[in-house]
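Taken together, the values in this text are just the output of simple stated rules run on the coordinates, not laboratory data. Being a predicted model, the structure only gives us computed values, none of them experimental. Neighbour counts are summed over all protein chains in view; Cβ atoms, including those assigned to glycine, are modelled from backbone coordinates with ideal geometry.
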Amino acid sequence: MTKIPGTPPPATLHLVRGEDAGVDALGPDAVPGPMCRIKVRDGVRVVAFTGTQLGHITSERQGSLRWTELSIYRTQSNLFVAHRVGVSCVAHRVDCAVVKDKILPSIVDMRSDEFAVEDRQPCQVCRPDIAAELDEDPDSIRGETDRHWAGICNDGVSLINALHTMRHGVRSLSGLASAVLSQASEHDAQLSDALNTELEV
Ligand SMILES: [Zn+2]
């Protein structure tokens, strides 16, 4: 718990990675909690604000190695923040063909908001025996890192636009984006209006 001077108490500090990943996002919608301090990653930077979560959804299923999480926040200053994380818990041998062109960190040397060593799952191609191989050489097992993106939007229409993705050259709203927008719109009249407005093209 970190108190930020000048903001309404209590101010809880969240660094969001995917702590809510275990929650069934298709279950009952959470009612937005009180305003708190929230930090989300956007590439290499951190976006910090006082706000509340309007929606959260994940594509994680039992046994998933990689999945996407989407969250929507409303800030105290009335902005919308969308946060998308491409999550991975996969660990590879350093010489795995799947990651031969990538420089991945050793799993013992990753950011604290990435998957912990003990929660890493072996790549299905190089199939490392993570514990045994780490024991022999701590640098031999590399971890895929999460990919974070944050969009800061002035209004509901911009938020919806920011959540469009390009697939095969076509710009569209994914099922996951549609679901989190529907969830969030139940708690925000402006977003609900934007979502219910036909898009003139
Ligand atoms: Zn591998």
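Summary of packing: across the peptides 97-105, 173-181, the per-residue average of other C-beta atoms within 10 Å ranks them, highest first, as 173-181, 97-105. Cα-based values for region 90-143, radius of gyration first and Dmax second, are 10.0, 27 Å. Electrostatic bookkeeping for Glu133 treats Lys and Arg as +1 and Asp and Glu as -1; over the other residues with beta carbon under 12 Å from its beta carbon, the sum is -2. By definition, a body whose alpha carbon gyration tensor gives a ≥ b ≥ c is prolate when a/c is 1.5 or more and a/b is larger than b/c, and region 65-201 fits this prolate description. For region 46-60, the Karplus equation 6.51 cos²θ - 1.76 cosθ + 1.60, evaluated at θ = phi - 60°, returns couplings of 10, 9, 10, 7, 9, x, 9, 7, 9, x, 8, 8, 9, 8, 5 Hz by residue, with Gly and Pro reported as x. All other residues with a Cβ under 12 Å from the Cβ of Asp155 taken together, and with Lys, Arg as +1 and Asp, Glu as -1, what is their net charge? That works out to -1.
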